[in-house]
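Trainee: Have a look at the structure that comes next, please.
Readers should treat all values here as calculations from the given coordinates under stated rules, not as data from a laboratory. Note that the structure is a prediction, hence the values are computed from the model and not measured. Every residue, glycine as well, gets a Cβ built from its backbone with ideal geometry; the counts of neighbours run over all protein chains shown.
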Amino acid sequence: MGKKLFIKHKYNSFNQTVLVDGDKSISIRALLLASQAHGKTLIENILLSEDIINSINCLKKLGIKIYLNKKKCYVFGNGINGFNYKKNIVLDAGNSGTFARLILGLLIKSPYYIKLIGDKSLSRRDFGRVILPLREIGANFKVGIKKTLPIKIIGANSVNPIRYYENRGSAQCKSTVMLAALNSPGQTIINAKKSRDHTENIFKHLGIPISIHKKENTDEIKIDGQKNFKSFNYIVPSDPSSCAFLIVLTLLSKNCELKIKDVNVNQSRIGFIKILNRMGANIKINNIKERYGEKRADIQVKSQSNLKKIDCPPRLNSNLIDEFLIIFLVAAKARGISSFSKLDELDKKESPRLKLGSKLLNQIGIRTILKKNSIKIFGNPKIKIERSINISQYYKDHRIFMTSVVAACTFGGNWRINDPDSYKSSFPSFLKILKQLGYKFKITK
């Protein structure tokens with residue numbers, strides 16, 4: 001039997017300031033680019049989650065020297081294509097879809113087959129979307145019919161710059177091709193549906209030749225390849241996707257106020273704040289600064305009992321794909337029927353999140369209408385749970401675990417949630433911060 005987390009709801013009030021772990025998306029990108037830079041890079045406030053530790057271990061297998069000292073990470077890069085390739089290398093990405101997809105872009109000149117594996121959850125996810133453009137660039141793959149892990153990749157001596165059309169709004173697909181472009185002669189051109197732009201920002205900060213022409217729904221990105229760049233220093237801001245759970249915890253509680261310091265407030269990452277404010281929240285972004293091309297700020301949130309329904313605009317979906325589950329929880333407490341549509345990408349994450357999110361709401365007594373790519377949620381502002389809730393069989397998805405914990409802390413009832421270590425893949429201080437805010441729970445085997 002695995003571990004279980006037990007929470008018995010008890011009314012709790014707090015007014016505190018907290019600091020959340022470093023941004024996962026930026027931590028992974030900084031590591032990958034540090035491995036391709038010349039010299040010693042220092043990454044401060046790096047996220048020390050399981051995903052990042054797995055990423056570091058993979059880069060070490062490729063011959064990159066990396067040292068950790070608390071939240072400081074020193075990376076000694078050997079320049080573009082500076083990996084030490086050996087036969088029979090196996091890279092275990094664990095649960096990190098970001099690292100698993102992006103590292104493939106840096107392996108397009110490997111002279112030997114490199115095997116990429118991941119945990120059970122990651123091994124269900126589609127890699128065909130990045131295999132296709134990397135084959136055009138010159139890589140070859142050994143992969144099953146479903147295009148899932150395990151995958152073997154071998155590069156080519158001569159790789160090609162390509163014109164790539166990314167129409168899903170996937171920052172991972174776009175970034176994989178951008179990283180491959182570092183090794184490509186000439187100019188790679190990417191026409192991408194708008195998505196997170198962290199890779200573009202760090203490319204510009206490092207002086208990598210890149211131009212971006214922004215259109216209404218897409219960006220045209222041009223990268224000149226085979227240009228070396230120097231090592232760098234980077235301080236990672238706090239992860240807004242992790243902050244979302246604490247923001248909703250505060251929002252759904254009584255007489256609570258929370259300030260979260262130094263958060264990444266890149267416009268492609270705060271769609272959930274815009275949605276929550278449309279639903280009646282009063283979330284403020286203060287002390288905005290810009291560093292390395294990324295905006296960071298303090299976020300202030302207070303409890304709100306008068307929440308209203310939302311008809312979520314699909315154009316915002318790519319800006320809040322990781323936050324939908326926790327937004328569903330707010331919709332459960334809101335007045336009226338909330339609707340969310342065009343959620344294809346939600347079921348391409350660590351688990352079938354749309355289906356499991358609906359199931360969680362049904363368990364706590366909230367009616368939903370679930371279709372293939374959409375959901376309607378019938379809110380109940382007076383929701384109060386006075387029974388036992390058991391959350392199991394959720395593919396060890398960290399976001400379902402944390403959403404369940406927030407529900408337990410705000411809606412009442414006696415909760416038992418399986419696999420409580422799942423949150424460590426993205427937000428290792430989650431339970432520690434909850435303790436700081438005064439919540440109590442018990443973990444047993």
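Trainee: To the nearest 20 debye, what charge dipole does the chain have about its Cα centre, counting +1 at the Cβ of each Lys and Arg and -1 at the Cβ of each Asp and Glu?
Mentor: Dipole about the Cα centre, nearest 20: 1040 debye.
Trainee: With both bridge residues required to lie in the chain, what share of the DSSP beta bridges run antiparallel, to the nearest 5%?
Mentor: Looking only at bridges with both residues in the chain, the antiparallel portion is about 70 percent.
Trainee: Order these peptides, 303-310, 259-266, 434-441, by their mean beta-carbon neighbour count within 10 angstrom, highest first.
Mentor: Answer by packing, highest mean first, reads 259-266, 303-310, 434-441.
Trainee: Given Cβ point charges of +1 (Lys, Arg) and -1 (Asp, Glu) and nothing else, what value in debye, to the nearest 20, does the dipole of the stretch 3-45 about its Cα centre take?
Mentor: So the dipole magnitude of the stretch 3-45 works out to roughly 380 debye.
Trainee: Using only DSSP helix segments of four residues or longer, with each worth -39500 (n - 2.57), what per-residue ellipticity at 222 nm results for the chain after dividing by its residue count and rounding to 500?
Mentor: For the chain, the value works out to -8500 deg cm²/dmol.
Trainee: Would you work out the charge dipole size for the stretch 24-224 about its Cα centre, treating the Cβ of every Lys and Arg as +1 and the Cβ of every Asp and Glu as -1, and quote it to the nearest 20 debye?
Mentor: Its charge dipole is roughly 460 debye.
Trainee: Applying the Karplus parametrisation 6.51 cos²θ - 1.76 cosθ + 1.60 with θ = phi - 60° to the phi angles of the stretch 38-52, what ³J(HN,Hα) value in whole Hz is obtained for each residue in order, glycine and proline being reported as x?
Mentor: 9, x, 8, 9, 10, 10, 9, 6, 5, 5, 9, 9, 4, 4, 6
Trainee: Would you please give the residues with an amide H less than 5 Å from that of ILE389, counting only those at least 5 places away or on a separate chain, with H modeled from the backbone geometry?
Mentor: ASN414, TRP415, ARG416
Trainee: Using the Karplus equation 6.51 cos²θ - 1.76 cosθ + 1.60 (θ = phi - 60°), what ³J(HN,Hα) coupling, rounded to whole Hz, does each residue of the stretch 102-114 give in order, writing x for Gly and Pro?
Mentor: 5, 4, 4, x, 8, 9, 6, 10, 5, x, 10, 5, 10
Trainee: Could I ask something else about it? Sorted by mean Cβ packing within 10 Å, highest first, what order do the peptides 316-328, 220-232 take?
Mentor: Ranking, from highest mean packing down: 316-328, 220-232.
Trainee: Next up: Angle check, please: helix 128-137 long axis (alpha carbons) against the longest principal axis of the chain (alpha carbons), in degrees 0 to 90, nearest 10.
Mentor: On a 0 to 90 degree scale, this one is about 20.
Trainee: Further question on the same structure: Starting from the amide H of LEU91, placed 1.01 Å from N in the peptide plane, find each other amide H under 5 Å away whose residue is 5 or more places distant or on another chain.
Mentor: Under 5 Å from the amide H of LEU91: LYS115, LEU116, ILE117.
Trainee: With a ≥ b ≥ c taken as the square roots of the eigenvalues of the C-alpha gyration tensor of the stretch 344-445, please select rounded if a/c is under 1.5 and otherwise prolate if a/b is larger than b/c or oblate if it is not?
Mentor: In terms of gyration-tensor shape, oblate.
Trainee: Another question, if that's okay. Over the stretch 158-261, what is the mean sequence separation of C-alpha contacts under 8 Å (at least six apart), divided by residue count, expressed as relative contact order in percent?
Mentor: This gives 24 percent for the stretch 158-261.
Trainee: Output the 0 to 90 degree angle, nearest 10, between the alpha-carbon long axis of helix 324-333 and the longest principal axis computed from the alpha carbons of the chain.
Mentor: Relative to the chain, helix 324-333 is tipped by roughly 10 degrees.
Trainee: Let me make sure I get this right: for the stretch 24-224, a, b and c are the square roots of the gyration tensor eigenvalues over alpha carbons, sorted descending. Under 1.5 in a/c it's rounded, otherwise prolate if a/b > b/c, else oblate. Which is it?
Mentor: Rounded, since a/c falls under 1.5.
Trainee: Restricting to Cα pairs below 8 Å that are 6+ residues apart, what does the relative contact order work out to for the stretch 46-113? Please round to a whole percent.
Mentor: Reported as a whole number, the value is 34 percent.
Trainee: Using θ = phi - 60° and the Karplus form 6.51 cos²θ - 1.76 cosθ + 1.60, what ³J(HN,Hα) does each residue of the stretch 230-242 get, whole Hz, x for Gly and Pro?
Mentor: Going residue by residue, I get 8, 4, 8, 10, 8, 9, 7, x, 5, 7, x, 5, 6 Hz, with x marking Gly and Pro.
Trainee: If you don't mind, there's one more thing I want to ask. Would you mind checking which residues have amide H under 5 Å from ARG335's amide H? H placed 1.01 Å from N; only 5 or more apart, or other chain.
Mentor: Amide H neighbours of ARG335: LEU307, LYS308, LYS309.
Trainee: Which whole-number percent is the relative contact order of the chain (Cα, under 8 Å, 6+ apart)?
Mentor: Once divided by the residue count of the chain, the mean separation gives 19 percent.
Trainee: Additional query: Report, in degrees rounded to the nearest 10, the 0 to 90 angle that the Cα long axis of helix 353-363 makes with the longest principal axis of the chain.
Mentor: 10
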